[in-house]
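These notes are about the structure you will find just below.
The values are calculated or read from the model by the stated rules, or taken from the named source; none is laboratory data. This is a predicted model, so every value here is computed, not measured. Neighbour counts run over all protein chains shown; Cβ positions are idealised from the backbone, glycine included.
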Amino acid sequence: MLNNWLKTSLLMAAIVALFGTVGMLLGGAQGMLIALLLGGAMNLWAYWNSDKMVLRQYHAQEVDAQSGGEYYAIVQELAQRAALPMPKVYIIDEAQPNAFATGRNPEHAAVAATRGILAMLSARELRGVMAHELTHVKNRDILTSTISATVAGAISTLAQFGMFFGGGDRERPNFIVQIAIMILAPLAAMLIQMAISRAREFGADRGGAEISGDPESLASALRRIEAHAQGTPMAPAEMHPETAQMMIVNPLTGGDLSGLFRTHPATEERVSRLLAMAKHGV
């Protein structure tokens, strides 16, 4: 757990350092300040409204103890085990098996699962998945992703307006350098964001296994979800690909990305770590 926290902290430091470097090279102090204010304002709004925004994008329907049945009861039991407030519980009318958590803090959290995952998984496997999602809530991963998105968004804004901040003089000797920064800086920011997302997923896997006391349940669920998700498109995810990192597995179709371009760690590696936990005891 400490290793994942350290990795996330280093990645956050890297993205802030990248922002500072790009700001000074392209726009000086004034350009850096303007980009930070613009990016920060947009992402601050998104942070306070993230739960409503993503749930609306996925047409999620809230359920209660009666309409949510076993699914609701599982979330309730796990929230108690994790010493968390009871989150709002939602169902998404999509066939692809997937799930996510959202909300700015444990007091304003929500979990959502597709009809596909509810129909496919056993109660034990669903319990493993929901424990994973509640760990995201407990670790305040939405805050982490929002901070990284704020700085990454500011980098992109600064890159787009770099020539304006710098005066746009094509005769200056560093014009080619500015163009290169405008292209490469947003890509670098995106790669760091993805690395942060992967680190948080490993942390949620481990934390979820500790909450449920059953690492093998999540390992089994991940295998089954991965096997079905790629062959079952989910329209809201395709329309809003920026939400892909929130899901328990990558919801986007069109082939698997590898290495630096993954929003999630390789499922095989996640399963391997979970089985090692089960072997040595949680």
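Any residue at all in the stretch 39-57 that's in a loop (DSSP other than H, G, I, E, B) and at pLDDT 70 or above? Checking the stretch 39-57: not a single residue is in a loop (DSSP other than H, G, I, E, B) and at pLDDT 70 or above.
Return the only residue of VAL111, VAL75, VAL63, VAL89 being under 23 Å from THR243 (Cβ atoms), β-branched (Val, Ile, Thr) and surrounded by fewer than 19 Cβ atoms within 10 Å (Cβ to Cβ).
VAL63
For the stretch 198-215, name all the residues that are outside any loop (DSSP other than H, G, I, E, B) and either in contact with a strand residue (DSSP E or B) (Cβ under 9 Å, 6 or more places away or on another chain) or among the charged types (D, E, K, R) (or both). If you could, list the steps in order and put the result at the bottom.
Just the residues of the stretch 198-215 that are outside any loop (DSSP other than H, G, I, E, B), to begin with: 198-212, 215.
Within the stretch 198-215, ARG198, ARG200, GLU201, ALA204, ASP205, ARG206, GLU210 qualify.
Residue-level analysis places LEU184 outside the set of residues that are surrounded by fewer than 23 Cβ atoms within 10 Å (Cβ to Cβ), modelled with pLDDT of 95 or more and not acidic (Asp, Glu). Against the numbered list (1) hydroxyl-bearing (Ser, Thr, Tyr); (2) at pLDDT below 95; (3) surrounded by fewer than 21 Cβ atoms within 10 Å (Cβ to Cβ), SER197 comes up short only at (3).
Please tell me if GLY153 is assigned to a helix (DSSP H, G or I), modelled with pLDDT of 65 or more and on the phi < 0 side of the Ramachandran plot.
Numbers: assigned to a helix (DSSP H, G or I): yes; modelled with pLDDT of 65 or more: no; on the phi < 0 side of the Ramachandran plot: yes.
Judged against the criteria, GLY153 is not a match.
Whenever a residue of the stretch 122-145 is free of Cβ contacts under 8 Å to residues at least 60 places away in the same chain and over 21 Å from PRO97 (Cβ atoms), its partners that are in a helix (DSSP H, G or I) and of a type outside the set (Val, Ile, Thr), lying with C-beta atoms within less than 8 angstrom and at least six residues away or across chains, give the pairs ARG140/PRO106.
Taken over the stretch 229-250, the residue count meeting the criterion of being assigned to a loop (DSSP other than H, G, I, E, B) and under 16 Å from the mean Cα position of the chain (by Cα) is 4.
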